[in-house]
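S.K.: The following block contains the structure, expressed as structure tokens.
The values are calculated or read from the model by the stated rules, or taken from the named source; none is laboratory data. Source: prediction; values computed, not measured. Cβ: placed from backbone, ideal geometry, glycine included. Neighbour counts: every protein chain shown. Areas reflect the complete protein model, heavy atoms only, side chains present, ligands, DNA and RNA absent. Shrake-Rupley method; radii C 1.70, N 1.55, O 1.52, S 1.80 Å.
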Amino acid sequence: MNSNFPTVTIDVTLDRHNVKEVLNAILHSILFHRLFGTVKPQTFEVLDVTMPGVADPEMEQLVTEKVDIFWKGIESGANKRGQMIVTFSEKKAKKSWFQVYAGEEEVPWEQWIVNAEMRQPKSDRDRQEFNANLASTLVKALNVMLTHTSSERGRTAVPLITNASGISPFPIKITVKVGGVELG
């Protein structure tokens, strides 16, 4: 597979009380910056950080489903590290050996990797510091999203939009991995 497409990485350390809330907000923010249809915005308040999101039932269901899979994988196993990978692709004609049209294939043009680790703060003071660090990480993540999507590389990665119907002209896939194993 050709991996000459941009990959954006966001590293985040969470505790069990905010895993779902934080991952939900991060995924929504990525989608907000990368959906090209008519997006109805919404916001998520996480640790006093306002993050943009998408008010679309299909996208909300996709995000909730994947965050739940991640949560179950991290909660039930010994491994407390995982990834949520958002891949944006375009459909291209698949050619066979003799340049005969053989259907369509999804070719990635951008990938976002959210590396998440779950830790447990040991005291209230520890939790305050933990939450302050997490809030700062969320602000940095938003800056990464804005910087990348407005950069030359981020703009040129987007394929020509030939189908403007729906919320996204491009297939979106969210993959969940815990301990290197793909779930769900």
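S.K.: Taking springs between alpha-carbon atoms closer than 10 angstrom, which of 115, 163, 79 fluctuates most in the Gaussian network model of the chain?
M.R.: Comparing 115, 163, 79 in the GNM, the peak value goes to 163.
S.K.: Step through the residues of the range 139-154 one at a time and calculate ³J(HN,Hα) from phi using the Karplus curve (6.51 cos²θ - 1.76 cosθ + 1.60, θ = phi - 60°), rounding each to whole Hz and writing x for Gly and Pro.
M.R.: Couplings: 4, 4, 4, 4, 4, 4, 4, 5, 4, 5, 5, 9, 6, 4, 5, x Hz.
S.K.: Still on this structure: In the neighborhood of residue 75, defined by Cβ-to-Cβ distances under 14 Å, what is the net charge if each Lys or Arg adds +1 and each Asp or Glu adds -1? Walk me through the intermediate numbers first.
M.R.: On the way: positive: 16, 20, 72, 80, 81, 119; negative: 15, 68, 117.
Result for the neighbourhood of residue 75: +3.
S.K.: Excluding ligands and nucleic acids, what accessible area in Å² is computed for residue 178 using a 1.4 Å probe, to the nearest 10?
M.R.: Counting only protein heavy atoms, the figure is 20 Å².
S.K.: Within the range 1-80, report the trypsin sites (Lys or Arg not before Pro) that DSSP leaves as loop and that have at most 14 other Cβ atoms within 10 Å. Can you show the working numbers first?
M.R.: Numbers: sites: 16, 20, 34, 66, 72, 80; in loops: 16, 80.
The qualifying sites are 16.
S.K.: Please give me the summed charge of the neighbours of residue 132: other residues whose Cβ is under 15 Å from its Cβ, Lys and Arg +1, Asp and Glu -1.
M.R.: -1
S.K.: In the structure shown, do any of 94/140; 122/173; 95/173; 66/91; 40/140 have a Cα-Cα gap over 31 Å, and if so which? Please report the intermediate quantities before stating the final value.
M.R.: On the way: 94/140 39 Å; 122/173 36 Å; 95/173 23 Å; 66/91 23 Å; 40/140 24 Å.
Where the Cα-Cα span goes over 31 Å, the pairs concerned are 94/140; 122/173.
S.K.: Please sort by residue number the trypsin sites (Lys or Arg not before Pro) in the range 81-184 whose DSSP state is loop and whose Cβ has at most 10 other Cβ atoms within 10 Å. Kindly include the intermediate steps, with their values, before the conclusion.
M.R.: On the way: sites: 81, 91, 92, 94, 95, 119, 122, 125, 127, 140, 153, 155, 173, 177; in loops: 119, 122.
The qualifying sites are 122.
S.K.: Tell me the Kirkwood radius of the chain: reciprocal of the mean inverse pair distance over distinct alpha-carbon atoms, in Å.
M.R.: Numbers: mean 1/r = 0.0570 Å⁻¹.
Its Kirkwood hydrodynamic radius stands at 17.6 Å.
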